[in-house]
Amino acid sequence: MRADAQRNYERIVSAASEAIAWHGAEASLEAIARSAGVGSATLHRHFPSRWSLLEAVFRDRVQALCTRAEELRAAPDALEALGSWLREVAAYSTTTRGLAASILNAPPEDGTSCATMLVAAGEPLRRRAVDQGSVRADVATADLLTLANAISLATQDAGAAEAERLVTLALEGVGPRSE
C-alpha cells in the first residue's frame, strides 16, 4: 500500500473506532469518513462493506483474545480455562459496542474474519474440556461463542461483570452447587 493510502487506512480505522465506541456498529459511514478527513469513496475503496470496516476495528483486540486462549491451553483444569476465556470474550464484547452483534451476524468470509479467528482459538480449549469430560462432545465452539456474545448483547448496559456472571451461570447450570 502506498504511504498516503496507508495513512488514509489508519485514519479511517481510528475514526471508526471512536465512532463505534460512541454510536455502536451502526455508526454513520459518512461521519466516519468526515472525521478521518477522507471522502466517502476513499472509505469504500479501503472498506467495501460496513462488515470489512468492523473487522478492521476489532481485529487487534480479537487477536489478543486469541492469544489469551493459547495461554489458557496450559491450565490444568480445562473447563476453568474454557470458562475464563469465554468470560473474557463476553466482557470485552460487552464493553465494545457492536463487536458481539458483528460476530453473531458474521457473513461467511475467507476464513480470516474475527468470528473465524475466535472459533479457531477456542476450539483447542473446548476439545480439552471434552476430553476431560467437562463439556459434552456435541457442543461446538461456535455454540459457546454464540452464548457468550448473546449474553454480552443482553448485558451491554449492565456491564462486563454481569456478562461474566451470566457466562459462569450458563456454564455451571442452574442446579444447586455441590459442596
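The values are calculated or read from the model by the stated rules, or taken from the named source; none is laboratory data. A quick note: this is a predicted structure, and the numbers were derived from the prediction, not measured. Backbone-built Cβ (ideal geometry, glycine too); neighbour counts: all protein chains shown. Side chains included, ligands, DNA and RNA excluded: accessible areas come from the protein's heavy atoms. Shrake-Rupley method; radii C 1.70, N 1.55, O 1.52, S 1.80 Å.
Points to keep in mind about this one:
- The distance separating the Cα centre of segment 31-62 from that of segment 128-179 comes to 32 Å.
- Accessible solvent surface per residue of the chain, calculated while the other protein chains remain in place, 1.4 angstrom probe, Å²: 53 Å²
- Adding -39500 (n - 2.57) for every DSSP H run of four residues or longer, then dividing by how many residues the chain holds, sets the calculated 222 nm ellipticity at -23000 deg cm²/dmol.
- Within a Gaussian network of the chain (alpha carbon springs, distance under 10 Å), most fluctuating of 24, 133, 122: 133
- Efficiency of FRET from Cβ geometry, residue 169 and residue 40, R₀ 35 Å, rounded to 0.05: 0.20
- Nearest-0.05 FRET efficiency for residue 49 and residue 123, computed from C-beta distance (R0 41 Å): 0.95
- For the chain, the longest principal axis of the Cα atoms and the long axis of helix 3-23 meet at an angle of about 60 degrees.
- Residue 10 paired with residue 131, simple spin-label distance in nm, labels 7 Å along Cα-to-beta-carbon: 4.2 nm
- Cleavage-rule hits (trypsin sites (Lys or Arg not before Pro)) in segment 110-153: DSSP loop, at most 16 neighbouring Cβ within 10 angstrom: 136
- Computed accessible area, residue 20, all protein chains, 1.4 angstrom probe, square angstrom: 10 Å²
- Gained length - residue 143 relative to residue 158, 0.36 nm times residue gap less alpha-carbon distance: 3.1 nm
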